[in-house]
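In what follows, a single structure is set out as structure tokens and then discussed.
The values are calculated or read from the model by the stated rules, or taken from the named source; none is laboratory data. Remember, predicted model here, so these are calculated numbers, not experimental data. Virtual Cβ from ideal backbone geometry, glycine too; neighbours counted across all protein chains shown. The protein model used for the area step is the full one, side chains on, heavy atoms only, and it has no ligands, DNA or RNA in it. Shrake-Rupley method; radii C 1.70, N 1.55, O 1.52, S 1.80 Å.
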Amino acid sequence: MNGRNPKLRFNLKSRFLIALALTVPTLAMAGEVTLTGEGSVRYEPDSARLQFTASAEHELPQKATERVAALMEQWREGIGKYRDQLNDYSDATVNLYTRTLPAPEREEEPRKQAVASQTISFSINDLNLLNPLLQQAQSLGLDYHLGPHQFFHSDETGMEQEALARAIADAKARCQFVANQLDQTCGDVVTININGGHRPVPMMMAEAKSMSDTVASVGEREIRASVSATFELD
């Protein structure tokens, strides 16, 4: 008869089975899939930030300043009917400096010229105002430049959120496709990362620079978003 304690043999066997279970990977663990989703929204800007500069030169600083003041008075009269629709309007930025002109003859002294300028800035939420304002600026000889960065949409945050929503929906659709191919279902989200920002990309842009130019269309913009997500596969 074996003199070993049966209870001791049972405990040793139990401990061995527990240790073995801890060292063997769980084969029934649910799978995961990591993939990306992309979304975009196209739109036309409905707003613009504009800046114009009135400038004049004269030998006397006072005369240069008076000429700029006269231009500003004409500008204010010309845009009177649009004034209430110009947001964040400011025309208080005034600059006065003197520049030296080269002497026409060697024996003559260089001449001093006073340069006065006044800057006008504002934004509009109705692009129907754009051409009338440009024409007024052109008629007075005001300096300005139009570029893509000056046009935007009044609900750009909403556009960004829509692009992101489409990217998330695209990721979910891709997960479901993968799961179907494996005879499984797409489960809960384990992790999700939003990749990069949501910068509007100009598709095309018309510019107005001369007296005869008007803007017919500012062109389309596109906001893109992408996400990287890990889903459980059930």
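The table below gives the values:
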{"read-out": "Length released on extending from Ile192 to Ala165, taking residue separation times 0.36 nm less the Cα-Cα span", "value": "8.4 nm"}
{"read-out": "Heavy-atom accessible surface of segment 47-152: percent carbon and sulfur, 1.4 Å", "value": "45 percent"}
{"read-out": "Solvent-accessible area per residue for segment 47-152 (1.4 angstrom probe, square angstrom)", "value": "58 Å²"}
{"read-out": "Additional length obtainable on full extension of the chain from Arg83 to Asp155, 0.36 nm per residue less Cα span", "value": "23.7 nm"}
{"read-out": "In segment 57-163, the GluC sites (Glu not before Pro) that fall in loop regions by DSSP, at most 13 other Cβ within 10 Å", "value": "Glu59, Glu105, Glu107, Glu108"}
{"read-out": "Kirkwood Rh (inverse of mean 1/r, distinct Cα pairs), segment 47-152, angstrom", "value": "15.2 Å"}
{"read-out": "Computed over segment 47-152: relative contact order in percent, which uses C-alpha pairs under 8 Å that are six or more apart", "value": "45 percent"}
{"read-out": "Computed E for Ser139/Ser90 - FRET, C-beta separation, R0 30 angstrom, nearest 0.05", "value": "0.90"}
{"read-out": "Gain in span if fully extended, Asp126 to Tyr43, counting 0.36 nm per residue against the direct Cα distance", "value": "28.4 nm"}
